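Peer 1: First, the structure itself, so that you have it in front of you.
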Amino acid sequence: MKIKRIKSLQINAYTFKIVWDNSFSGGSFDYIAREIIIGTKQADDTLLLAILCHELLEITATEMNVRLSRPDCNSDYIFVYDHRQHSTMSEMFVGLLLQFLTD
């Protein structure tokens, strides 16, 4: 398995730009800018996969309206959902992740 460094990702009605940034290791996304940043510094495919999974799972939670801001902590979130929502999120996640994977 290899990770394709695609330049854009369709998420429901929006197209997000994918930025592969070698200045840091980690990830983030911004709905206003419609951008997903994946840090590639010192990252092998296993770490890149972990970063992608983290961001894509969080995006699916946002799309499902189950990612909530914590009132007691700035810039932190809690996730609240049931098993039916988990099944839907899993299907959305796999659809997004497959766009990054190749043989």
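Nothing in this text is a laboratory measurement; each read-out follows from the coordinates by a stated rule. Note that the structure is a prediction, hence the values are computed from the model and not measured. Reconstructed Cβ throughout: ideal geometry from the backbone, glycine too, with neighbour counts over all protein chains shown.
Peer 1: Multiplying the sequence separation of I78 and S8 by 0.36 nm and subtracting their Cα-Cα distance, what value in nm do you get?
Peer 2: Stretched fully, the I78-S8 segment lengthens by 22.5 nm.
Peer 1: By how many degrees, between 0 and 90 and to the nearest 10, does the Cα long axis of helix 45-63 differ from the longest principal axis of the chain?
Peer 2: Taking the Cα atoms of the chain, the angle to 45-63 is about 30 degrees.
Peer 1: Here is a further query. Full-extension gain between L68 and A50, please, as 0.36 nm times their residue separation minus the C-alpha to C-alpha distance.
Peer 2: 4.3 nm
Peer 1: While we're on this one: What distance in nm separates the two pseudo spin-label positions at S23 and Q42, each 7 Å out from Cα along the beta-carbon direction?
Peer 2: So the two model labels end up 1.8 nm from each other.
Peer 1: What's the angle, to the nearest 10 degrees (0 to 90), between helix 83-98's Cα axis and the longest principal axis of the chain?
Peer 2: 20 degrees
Peer 1: Here's another thing I want to ask about it. Share of antiparallel DSSP beta bridges in the chain, in percent to the nearest 5?
Peer 2: If we restrict to bridges inside the chain, about 75 percent are antiparallel.
Peer 1: Starting from 0.36 nm per residue, how many nanometres of slack lie between E35 and T88 once their C-alpha separation is accounted for?
Peer 2: 16.8 nm
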